[in-house]
Amino acid sequence: MINPLRANKLRIAIFLNIIFLSVLFSSCSSGRISGGKENSKNEKIKSVKNLDIEERNYIRSAKIKSIDKIEFQLNDDNKLQSSKKLSTQHFNRKGFLTETIIYNSDNSIQYTYKYKYDNTGKKIETIRLNQNGNPEKKFTYEYNAYGNKIRANQLNMEDSLEKYYLYNYDDIGNLTNELWFNKNNSLEYKITYSYDDSGRKINSKSYDEKDDLIYSYEYEYDSKGYLINEKKFNEVDNQISVIQYVYKYF
């Protein structure tokens with residue numbers, strides 16, 4: 001569990017979605033989000049946020065070393081049934097994500113993702129390793145003028161395209177949806193995101209290729225605006241789990 005003396009200070013939302021559970025996942029999102037700045041006449045000025053920079057600055061200032069994402073599964077009576085570790089993310093002292101580990105249900109490693117950045121801080125490549133530590137997939141990225149990711153390509157190790165992912169934003173830089181396609185341009189998966197008036201993510205939903213709802217997530221924040229709870233619901237709106245973040249620090 002998160003140290004209660006540091007909880008309010010060091011909450012953060014990680015975007016993925018969901019983890020890509022298999023991340024792109026990383027897949028993840030910043031914990032405290034502002035909807036804009038106020039000028040001298042108290043009129044809101046909209047500015048387009050760079051999500052990677054916002055998250056990186058927060059990770060660095062909070063001195064977060066790693067984050068474990070743990071899912072507590074509930075039974076039909078809404079009582080704890082079991083728990084499992086979903087992922088571990090590792091960061092360096094500059095706030096850069098260096099590695100994501102995805103776990104199987106028995107806590108063994110399923111995948112490991114390692115990241116490469118250019119000299120401006122943009123993520124330019126991700127390599128996915130299998131459980132034996134061998135590279136098996138590669139991801140490359142494209143960005144808009146504000147530095148936000150608009151496309152990711154999943155390639156095999158011979159650089160042939162297997163899947164691709166498109167990312168859309170509102171006019172201040174909030175991620176509004178992700179669209180996942182196979183190499184034949186057929187939509188396989190969709191994630192949508194909703195925000196409150198202050199720019200905090202409050203809901204996300206995932207859909208299959210037929211546009212049928214699979215899961216939805218609700219996000220709750222404390223009085224200081226930090227994420228404290230992520231609830232997971234099935235397609236008929238029954239809560240099936242609570243997802244929690246466990247932090248370690250430099």
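Every number in this text was worked out from the coordinates using simple rules, so none of it is lab data. Because the structure is a prediction, the values reported are computed rather than measured. Virtual Cβ from ideal backbone geometry, glycine too; neighbours counted across all protein chains shown.
Side notes on the structure shown:
- Taking the stretch 147-163 as the range and being exposed (fewer than 15 other Cβ atoms within 10 Å of the Cβ) and in contact with a Lys or Arg (Cβ under 9 Å, 6 or more places away or on another chain) as the test, the residues that pass are N156, M157, D159, S160, L161, E162.
- Among (1) among the hydroxyl-bearing types (S, T, Y); (2) exposed (fewer than 15 other Cβ atoms within 10 Å of the Cβ); (3) part of a strand (DSSP E or B), the one test that T126 misses: (2)
- Qualifying residue in the stretch 170-180 (condition: of a type in the set (F, W, Y) and either within 17 Å of the chain's Cα centre (by Cα) or crowded, with 18+ Cβ neighbours inside 10 Å (or both)): yes
- Of all residues in the stretch 144-163, those that are under 20 Å from K114 (Cβ atoms) and either charged (D, E, K, R) or not in a loop (DSSP other than H, G, I, E, B) (or both) total 9.
- Hits in the stretch 47-74 - residues which are farther than 30 Å from N238 by Cα and of a type in the set (S, T, N, Q): S47, N50, N57, S61, S66
- Close Cβ contacts (under 9 Å, 6 or more residues apart or on different chains) running from residues in the stretch 91-117 that are free of Cβ contacts under 8 Å to residues at least 12 places away in the same chain to residues that are of a type in the set (A, V, I, L, M, F, W, C) and in a strand (DSSP E or B) comprise K116/I124; K116/I127.
- For the stretch 55-68, filtered to residues that are under 14 Å from the mean Cα position of the chain (by Cα) and buried (at least 17 other Cβ atoms within 10 Å of the Cβ), the residue that is farthest from F91 (Cα to Cα) is E55.
- A count restricted to the stretch 59-111 and to residues that are in contact with a helix residue (DSSP H, G or I) (Cβ under 8 Å, 6 or more places away or on another chain) and part of a loop (DSSP other than H, G, I, E, B) stands at 4.
- Selection within the stretch 86-131 - more than 21 Å from R151 (Cβ to Cβ) and of a type in the set (D, E, K, R): R93, K94, E99, D106
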